[in-house]
Amino acid sequence: MKHYVGISLVLVTLAAIIFVAVRSCTYAVDHTVDQVRDAFVQVLRVQPQVTVNQRVIMTQTAPIAEFAVVSKEELVTLGFTEHLEIWSMQIPLTEKKVTVEAPFRLKAGFNLQEPFTVEINPTTHQVHASMPHAKILSVEQIGDLVYHAEDATLNRITDEERAKIINDLHSTASDSAEKSSLKSDAEQQVTQRLKDLIEHNGQPVQIEWTGTASPPSKPSGPIIP
């Protein structure tokens, strides 16, 4: 009888140890999930989809559609000079010049409707985040357009030319935004801030940027302050 009682005590003790260990692991994983969620909400205003052992623990939600991370103001200038020729010789009184310029605010950030996913290793608590590349969110004219024209007596500036150069100015601003370092700056800032917050709590984190670069954006008003 005492033999059976001893075995029972051992089994109960083992069960208790296993229960405590499982509860501790579960608590640790839950704690990691909460810290990762809080970091993403603080940095990007998005709750990512979080998975543990390929099981979705938390779905993605975002209160806004897009979030700007970096911005800069830039004075964009565009112009053209044109004259008429006969047999490769310039005709007098036909040279006309047009220049336009305006200040623009360029913003780069993230489309929060695209997937932000986080996989947490329950054993090591390693955090692997997959996020979409940053994109240009808005190209906004923020000041007056300055227009300067020098007409030619025999070659007048047309209304179509005026409209075209003004439209081209906005396209130039968009191209400038796409060719700038704004998108990479946004990704670097987000990477550093997420790592600072998550690794500060003891979880190693790896961030992977997914998808392809977005096409040049069309000029638009502000998206996010």
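Summary of computed values
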| quantity | calculated |
| --- | --- |
| Of LYS72/LYS164; LYS96/LYS183; LYS72/LYS96; LYS97/LYS183; LYS107/LYS164, those spanning more than 28 Å from alpha-carbon to alpha-carbon | LYS96/LYS183; LYS72/LYS96; LYS97/LYS183 |
| Computed Rg/Rh of region 95-215, alpha carbon atoms with Kirkwood Rh | 1.25 |
| Segment GLU199-THR77, length gained on full extension (0.36 nm per residue, minus Cα span) | 39.5 nm |
| Gain in span if fully extended, GLN126 to TRP209, counting 0.36 nm per residue against the direct Cα distance | 28.2 nm |
| Within region 118-155: backbone nitrogen closer than 18 Å to the LEU84 label point (7 Å, Cα to C-beta) | 150-155 |
| Compactness index (Cα Rg / 2.2 N^0.38 Å), region 133-194 | 1.70 |
| Pairwise FRET efficiency - ALA163 versus LEU93, Cβ, R0 = 30 Å, nearest 0.05 | 0.75 |
| Förster radius 45 Å - calculated FRET efficiency between GLN192 and GLU101 (Cβ-Cβ, nearest 0.05) | 0.80 |
| Between region 27-60 and region 122-183, the Cα center-to-center distance that results, in Å | 36 |
| Trypsin sites (Lys or Arg not before Pro) restricted to region 100-168 and DSSP loop, no more than 13 other C-beta within 10 Å | ARG156 |
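Computed from the coordinates by the stated procedures, all read-outs in this text should not be read as laboratory data. Owing to the predicted nature of the structure, the values given are computational and were not obtained by experimental measurement. Using ideal geometry, Cβ is built from the backbone for each residue, glycine included, and neighbour counts are taken over all protein chains shown.
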